[in-house]
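The values are calculated or read from the model by the stated rules, or taken from the named source; none is laboratory data. Please read these numbers as outputs of a predicted model, since none were measured by experiment. We place every Cβ from the backbone using ideal geometry, glycine too, and count neighbours over all the protein chains shown. These accessible areas exclude ligands, DNA and RNA; they are computed on the full protein's heavy atoms, side chains included. Shrake-Rupley method; radii C 1.70, N 1.55, O 1.52, S 1.80 Å.
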Amino acid sequence: QAISRLFHPDESIFIQKAVAERGALMAVSDCINQPNLDEYQFITYNCFPADATNRSEAQVEGRKYLLHETDDPSLSFEQQLGLIQRLEQIAPLKMIVNSGGKSLHAWFHWIEGYKKDFLELSQKLGGDPRFKLMNQLCRLPWGTRRKEANLPTAQPIIYWKD
């Protein structure tokens, strides 16, 4: 349900079960009807043309969302939420996905003219530099993280704003 509220049914996104696997380009309308969508871990947070041949940044249609995520293990979720609140001064927060226990993936609405400021502040706050790229994978809301010990963990949405 989250995917259908993040994207239009005619938009296309990539979803993947694992980083090492090849992703699947799907129309959002097809993606939301997947019976095993919760088996996937990753999603792109920007859209691709329906005829895209790969997940390269050159094929992204344009920004739809900006993301912030930090892998700093010394930061508690409460501290990460404080960093996310600072970024809300630049762009409106859409949702936060718990990555399955490691970090929070915060999705912000892209607003024309604010990308540079957002990305600079995200980096100053320890944000993952890969999210400068429009084709970066992030955690699929309500997907399943495959941990090292092969113990699956849910990736719940912990905050949503309509």
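Here the condition is being under 24 Å from Ser4 (Cβ atoms), modelled with pLDDT under 95, among the β-branched types (Val, Ile, Thr) and open to solvent by less than 60 Å² (accessible area, probe 1.4 Å); of Thr144, Thr70, it holds for Thr144 alone.
In segment 46-83, the qualifying residues are those that are charged (D, E, K, R) and part of a loop (DSSP other than H, G, I, E, B), and the one that is nearest to Arg139 (Cα to Cα) is Glu69. Is it the case, given these coordinates, that Arg86 is farther than 20 Å from Pro141 by Cβ, surrounded by 12 or more Cβ atoms within 10 Å (Cβ to Cβ) and out of contact with any strand residue (DSSP E or B) (no Cβ under 6 Å at 6 or more places or on another chain)? So Arg86 fits the description; yes.
Does segment 22-45 contain at least one residue that is open to solvent by less than 20 Å² (accessible area, probe 1.4 Å), free of Cβ contacts under 8 Å to residues at least 40 places away in the same chain and assigned to a strand (DSSP E or B)? No: segment 22-45 contains no residue that is open to solvent by less than 20 Å² (accessible area, probe 1.4 Å), free of Cβ contacts under 8 Å to residues at least 40 places away in the same chain and assigned to a strand (DSSP E or B).
Against the conditions (1) among the small types (Gly, Ala, Ser); (2) within 16 Å of Ile157 (Cα to Cα); (3) open to solvent by 20 Å² or more (accessible area, probe 1.4 Å), Ser103 satisfies every one except (3).
Just need a number here: residues in segment 107-125 that are open to solvent by less than 40 Å² (accessible area, probe 1.4 Å) and in contact (Cβ under 8 Å) with a residue 40 or more places away in the chain. Full working, then the answer.
Taking segment 107-125 and keeping what is open to solvent by less than 40 Å² (accessible area, probe 1.4 Å), we get 107-108, 118-119, 121-122, 125.
Adding the requirement that they be in contact (Cβ under 8 Å) with a residue 40 or more places away in the chain leaves 107-108, 118-119, 122, 125.
Total satisfying the criteria: 6.
Within segment 55-67, the residues that satisfy the criterion of being buried (at least 19 other Cβ atoms within 10 Å of the Cβ) and under 18 Å from Leu121 (Cα atoms) are Tyr65, Leu66, Leu67. If the condition is being of a type in the set (A, V, I, L, M), open to solvent by 10 Å² or more (accessible area, probe 1.4 Å) and under 20 Å from Val60 (Cβ atoms), then segment 4-21 contributes only Val19.
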